[in-house]
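Notes to accompany the following structure.
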Amino acid sequence: MQIFIYNSLSRKKEIFKPIQEGRVGMYVCGPTVYGPPHLGHAKSYVNFDVVRRFFEYAGYNVKYVQNITDVGHLVGDSDDGQDKILVQAQKENVDPYALAYKYETEYFYFMDKLNIKRPTISARATGFIPDIIEFIQKIIEKGYAYVTKQGNVYFSVHKFSDYGKLSNRKIENNLSGERISVADDKEYPEDFALWKSAVGGHIMKWNSPWGVGYPGWHIECSTLSRKFLGETFDIHGGGIDNIFPHHDSEIAQSEVANGKPFVNYFMHNNLVTVNGTKMGKSLGNFITLNDLFEKFDPLLIRYYILQFHYRKPVDFSFNAISKVKEQYDKLVENFSQVKEKSLNKIINLKSNKINNDELSEIYNNFISAMSDDFNTPLAMAEVLKLSKLASNALKNNESETLIIINSIIKVVEDVLGLEFVCDKIKSENKTKDSELLNLISDIRTKLRSEKNYQLSDYIRDKLIELGVDVLDKKI
Ligand SMILES: [Zn+2]
C-alpha cells in the first residue's frame, strides 16, 4: 500500500518511504503541562493518532514518541518571558513539579477518553537533563552556540545558513517586531536559548557546565527525538503554530549536532477556531475538554474533529456539534446492530476479496482516502454510505452481507479510533457481565464449602488475572 504525505519541508505530497522497512519512527511535540487540556489538544492528538493508526493498519510497526514539556517553555514562546509552569505554579500556590504532574495526569485522562492511543514512549523534559546538557555541549563544540557571562547559552542562528527552511522565513524578516524585548546578552536578537541561567526563585533548576539553570524549550525535542528515534527519523508532527520558531530551531540544533538531516517528513495540523475566530485564553472563547465532555460524548467530539482534514482548521460551535450528533447517533445505532446481528463475525479484508461490488468500492475508497494524506473527511463520507447499506442489510437480514459490513466497521474503528457501541447494548452487556460474575462467585462459594480449594483458588487466580476484584467471605 502506498501512503502519500504532505511534507511541510518540500511543501508537496510525497510517497512515504520508511528509513527501515516496515517501521515508522514518529515524534509529535507533546503538551506543555501548565493548564487543563483543551480542544486544541484534542484536535492535534486525534489527528496524529489517526496517522499512527493508519500506518499500523497498513502493517507498519510504529514507534510513536512524545515529550511532556514540564520545564523551559516560556510565556510568549520567547526567551525573555517567564517559565509558563513557574508562573502558573505561583498562581495556584503549588510546587511547579506538582503542577506539571497534575496537568500531565489530566492530559492523559482526557486523551484516553478521546480513545487516543498512548505514545510508545512519553518522556518528560525534566527526566532527561543530562542528555540535554550533552546535546548542548555538542552544539557548542561545533561552534554554533555561545555561553554568556550571565550563564545563558544561545544558538547562533546566523551561522546556520538553512535556518528558517521550514517556515520559509529569512532571518532579516524576524527582526524585532515579533519581540517586545530582547535579552541583552544575545549577540543577535534571533539567537535562541539552549540553556537559561536560573535567576529569581526558579525552582526547577540543575547544575550544568555553565552554572545553575534550566533548558530552553526547543532543545528538549531535539534531544528526546534523537535519544529514542535516532539522528534522522521518519515523521515529525506538530501544530502549524509550532513551525516557527519551535521546529525551525529543532532542525537547526539537530542538524548541527548530528551532521545529518533531522527528519524526512514534517507534518503539521491546523488549529481550532470557535465560531470562525481563533481560540485563545485571552479571547475568552477557550474550551476545555472538561467542560466539553460534560455536554458531549468524547467520541462524538472525535467524530466531529475527523470531519475536517488535519491540515484544515476545525471550526467549533455548539450548534455544529449538535447537528452532527444526530448523524453520529444514527451511525452508532446502525453499526451496533450490525455487530449484534452478525454475531461480531469478521473476515480479514486484506487477504479476502469482498464478494459485493458496492461494499468492495466503499472499502477501497476508504483506504485510498486515508492513503492520500489521511483524508478523513473523504473516508467519513464512505462510512456514511456504509451506514445506508447497513440499514438495508439489517432490514432484509442478509447475514453474509452483514458479516462483510461488520468487517469494514472493524477497519473503520481501528483506523479512525471510533467505537460504534450504543448505550443500550453497552448496558445490556454490563447486566450480562454482572449476572455471569454472580454465578461464578456462587460456584466458588459452593466449592469452598465443599473444601475444594484447589479449584476455587484456580478460579480466583483467573479472575484476578482478568482484573476482577475477588473478596472471599468467611464460610
Ligand atoms: Zn517540539
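Filter region 39-81 down to residues that are polar (S, T, N, Q) and in contact with a Lys or Arg (Cβ under 8 Å, 6 or more places away or on another chain) and give me whichever is surrounded by the fewest Cβ atoms within 10 Å (Cβ to Cβ). Selected residue: Asn61.
For region 1-30, filtered to residues that are out of contact with any strand residue (DSSP E or B) (no Cβ under 7 Å at 6 or more places or on another chain) and farther than 19 Å from Asp372 by Cα, the residue that is nearest to the ligand (Cβ to nearest atom) is Gln20. Just one of the numbered conditions (1) modelled with pLDDT of 95 or more; (2) within 15 Å of the ligand (Cβ to nearest atom); (3) surrounded by fewer than 20 Cβ atoms within 10 Å (Cβ to Cβ) is not true of Asp241: (1). Scanning region 268-289 for any residue that is away from the ligand (no atom under 16 Å from the Cβ) and in a helix (DSSP H, G or I) turns up at least one such residue.
Flag: Tyr310 does not match the condition of being in contact with a Leu (Cβ under 7 Å, 6 or more places away or on another chain), crowded, with 16+ Cβ neighbours inside 10 Å and not aliphatic (A, V, I, L, M). The lone criterion from (1) touching a residue at least 60 places away in the same chain (Cβ under 8 Å); (2) within 16 Å of the ligand (Cβ to nearest atom) left unmet by Ile68 is number (1). The condition of being out of contact with any strand residue (DSSP E or B) (no Cβ under 8 Å at 6 or more places or on another chain) and either of a type in the set (A, V, I, L, M, F, W, C) or not assigned by TED's automatic domain parsing to the domain that holds Phe374 (or both) holds for Tyr101. What about Glu250, is it touching a helix residue (DSSP H, G or I) at 6+ places or on another chain (Cβ under 6 Å), over 17 Å from Ala42 (Cβ atoms) and outside any loop (DSSP other than H, G, I, E, B)? Considered against the rule, which asks whether it is touching a helix residue (DSSP H, G or I) at 6+ places or on another chain (Cβ under 6 Å), over 17 Å from Ala42 (Cβ atoms) and outside any loop (DSSP other than H, G, I, E, B), Glu250 comes out as yes.
Candidates in region 249-258 are the residues that are in contact (Cβ under 8 Å) with a residue 40 or more places away in the chain and farther than 18 Å from Tyr6 by Cβ; of these, the one that is nearest to the ligand (Cβ to nearest atom) is Ser249.
Residues are listed down the side, and each one gets a yes or a no for (1) surrounded by fewer than 24 Cβ atoms within 10 Å (Cβ to Cβ); (2) closer than 20 Å to Ser8 by Cβ; (3) within 16 Å of the ligand (Cβ to nearest atom):
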position	(1), (2), (3)
Trp206	yes, no, no
Trp210	yes, no, no
Gly216	no, no, yes
Lys227	yes, no, yes
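Looking only at region 87-104, residues that are under 19 Å from His218 (Cβ atoms) and surrounded by fewer than 21 Cβ atoms within 10 Å (Cβ to Cβ) come to 0 in all.
Here is a yes/no grid of residues against (1) more than 27 Å from Pro18 (Cβ to Cβ); (2) not in a strand (DSSP E or B):
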| site | (1), (2) |
| --- | --- |
| Ala257 | no, yes |
| Pro261 | no, yes |
| Phe266 | no, no |
| Phe293 | yes, yes |
| Leu300 | yes, yes |
| Lys323 | yes, yes |
| Glu326 | yes, yes |
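Counted as qualifying within region 356-475 are the helices (runs of 4 or more DSSP H) with 2 or more residues that are touching a residue at least 24 places away in the same chain (Cβ under 8 Å), namely 357-371, 376-395, 399-416, 423-449.
The values are calculated or read from the model by the stated rules, or taken from the named source; none is laboratory data. Quick caveat: nothing in here was measured; it's all calculated off a predicted structure. Note that each Cβ is placed from the backbone with ideal geometry, even for glycine, and that neighbours are counted across all protein chains shown.
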